[in-house]
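The values are calculated or read from the model by the stated rules, or taken from the named source; none is laboratory data. Keep in mind the model is a prediction, meaning the values are calculated, not measured. Note that each Cβ is placed from the backbone with ideal geometry, even for glycine, and that neighbours are counted across all protein chains shown.
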Amino acid sequence: MTMRETVQDLLPGVLADLEALVAVESVSADRARADQLQLSAARVVELLTEVGCPDARIVTAGGGPAVIGHFPAPPGQPTVCLYAHHDVQPQGDPARWDTPPFVATTVGDRLYGRGSSDDKGGFAVHLAALRAFGGRPPVGVTVFVEGEEEVGSPTLAALMAEHRDELAADVFVITDSTNWTVGVPAFTTSLRGLADCVVELRTLDHAVHSGEFGGAAPDALTAMCRLLATLHDDAGNVAVAGLHTGRPSVLDYPEERLREESGLLPGVDWIGSGPLADRIWTKPALAVIALDTTRVASASNTLIPSARAKISMRLAPGDDARSALDKLSAHLVDHAPWGAQVEVTEGDTGEPSVINSTGPYAAAARAAFAEAWGVVPASVGQGGSIPMVADFAAAFPDATILVTAVSDPDSRPHGANESLHLGDFAAACLAEALMLQAFAEIAP
Ligand SMILES: [Zn+2]
């Protein structure tokens, strides 16, 4: 039987197991569902044990339960670590779902349900590849399934330090990104980082009558608007000095596609300059994501004494999150209009990544993906952030890291009606099996 036929035959069973995993409400952000998170980790252990893993078990470093299991390397063979996460985002407003979020439901060529693509679908790909070899893969395989990715992997670095020897591998396959389109797989080669802060601005020690003092005393909200306006130049490029810009993308992002995906309204201009792919993947971006001030319904004719804004920054691949956040803080303090008092509280950071996708393993992976999907895989950046990729790169600097996907641009991970494209899922399972086979031809 060819590998294609083998994978085709085992898909119904893998999909049934994925459906059962979707039914477990492993929402890592919800303490009330901690038992469900534990249950989904236990189910992952069972599935790995069933396929022949001798030592699959739950591990934690004080955070969400992760699972590690090993399929020992045949003599002289490399070891591949297959990553996914079993925790999911909250379902949000159930009314926005067309099918129940935790009941996997097939409609047309898609399987709907929370986690169907992000990232229980990623784990299901690993499971399919292991089953394709009857649980005896031709290379060593370590399966690492995290349980807290959707809350920012707070204890991942500790977990990796504690289990360093167990996780060490020649290749890491991180199946948690997005393919280029339905039918076209992608390897993600860069990821932006993330940093945020809250800026508080004060001009008066209490609200005062706008008739008596307006015209001489500045109100804090107008001052805040002027401050926020300094974050971009007139063309919409980020104006904070010293932020890094990554290398230009090799792929261009079709404008029509971006217009449709973003929901940009007619007549609204894009901001920034250069190719669109660079603006969303390799340059920094800034957005004001919240503002605390007087509500319109409670407005009175007073000068507002203080206001707060939360600013979210996406960092170019190659930048350093802490130093970028320091530059943003300095910009906000330096540009305080009219001598207003400005105080910045720095928030969370996640490092960007430039993923080195050269070398024999990456080449073999590309060839395997091309064979399985019938098209050449794309190399894409991601405007979003997967900080754990940087954690892996830092912990294992000599390993090849491959960031793959089961999601497509219509999968809506994190949103309502999350789904998995079944044709792409089948191709991803075959691609991973062929890839493991190809890795067995490469000396570690
Ligand atoms: Zn994910």
**Prompt:** For Q38, all conditions in the list (1) touching a residue at least 12 places away in the same chain (Cβ under 8 Å); (2) under 24 Å from the mean Cα position of the chain (by Cα); (3) over 22 Å from M160 (Cα atoms) hold save one; what is the number of the exception?
**Reply:** (3)
**Message:** Suppose we filter the stretch 124-134 for residues that are of a type in the set (A, V, I, L, M, F, W, C), touching a Leu at 6+ places or on another chain (Cβ under 7 Å) and within 16 Å of the ligand (Cβ to nearest atom); how many remain?
**Reply:** 1
**Request:** Would you point out the residue of the stretch 388-444, among those that are polar (S, T, N, Q) and either free of Cβ contacts under 8 Å to residues at least 40 places away in the same chain or away from the ligand (no atom under 16 Å from the Cβ) (or both), that is farthest from T6 (Cα to Cα)?
**Result:** N417
**Subset of the stretch 360-385 that is within 16 Å of the ligand (Cβ to nearest atom) and surrounded by fewer than 22 Cβ atoms within 10 Å (Cβ to Cβ) - its residue that is modelled with the lowest pLDDT** = G384
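Quick check: is even one residue across the stretch 144-153 more than 19 Å from V22 (Cα to Cα) and in contact (Cβ under 8 Å) with a residue 60 or more places away in the chain?
Residues of the stretch 144-153 that are more than 19 Å from V22 (Cα to Cα), as a first pass: 152-153.
Next, only the ones that are in contact (Cβ under 8 Å) with a residue 60 or more places away in the chain stay: 152-153.
Yes, the stretch 144-153 contains a residue that is more than 19 Å from V22 (Cα to Cα) and in contact (Cβ under 8 Å) with a residue 60 or more places away in the chain.
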**Message:** Could you tell me how many of the residues in the stretch 326-359 are over 24 Å from T222 (Cα atoms), in contact with a Ser or Thr (Cβ under 8 Å, 6 or more places away or on another chain) and either buried (at least 20 other Cβ atoms within 10 Å of the Cβ) or not hydrophobic (A, V, I, L, M, F, W, C) (or both)?
**Reply:** 7
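Looking at the structure I just gave you, is A84 within 12 Å of the ligand (Cβ to nearest atom) and either over 17 Å from A16 (Cα atoms) or modelled with pLDDT under 95 (or both)? Talk me through it step by step, then tell me what you get.
Details: within 12 Å of the ligand (Cβ to nearest atom): yes; either over 17 Å from A16 (Cα atoms) or modelled with pLDDT under 95 (or both): yes.
Answer is yes for this residue.
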**Request:** Identify all residues within the stretch 92-127 that are buried (at least 20 other Cβ atoms within 10 Å of the Cβ) and assigned to a loop (DSSP other than H, G, I, E, B); write none if there are none.
**Result:** W97, P101, A104, G113, R114, G115, S116, S117, D118, D119
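In the set D109, D118, which member is within 14 Å of the ligand (Cβ to nearest atom), at pLDDT 95 or above and within 18 Å of A428 (Cβ to Cβ)? Let's see the steps before the verdict.
On the way: D109 fails: within 14 Å of the ligand (Cβ to nearest atom).
The conditions single out D118.
It is to be established whether one or more residues within the stretch 197-216 are over 30 Å from L422 (Cα atoms), within 16 Å of the ligand (Cβ to nearest atom) and either part of a strand (DSSP E or B) or among the hydrophobic types (A, V, I, L, M, F, W, C) (or both). Give the steps one after another, and end with the answer.
Going through the stretch 197-216, the residues over 30 Å from L422 (Cα atoms) turn out to be 197-216.
Right, trim to within 16 Å of the ligand (Cβ to nearest atom) and you get none.
No, the conditions are met nowhere in the stretch 197-216.
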**Asked** Is there any pair with a first residue in the stretch 110-135 that is closer than 16 Å to T178 by Cβ and charged (D, E, K, R) and a second that is in a strand (DSSP E or B) and away from the ligand (no atom under 12 Å from the Cβ) whose Cβ atoms are under 7 Å apart and which are 6 or more apart or on different chains, and what are they?
**Response** R110/S419; R110/L420; R110/H421
**Message:** Checking A370 against (1) under 18 Å from the mean Cα position of the chain (by Cα); (2) farther than 29 Å from K310 by Cβ, only one condition comes out false. Which one?
**Reply:** (1)
**Message:** Consider the stretch 135-186. How many of its residues are of a type in the set (A, V, I, L, M, F, W, C), at pLDDT 95 or above, away from the ligand (no atom under 16 Å from the Cβ) and within 17 Å of the chain's Cα centre (by Cα)?
**Reply:** 1
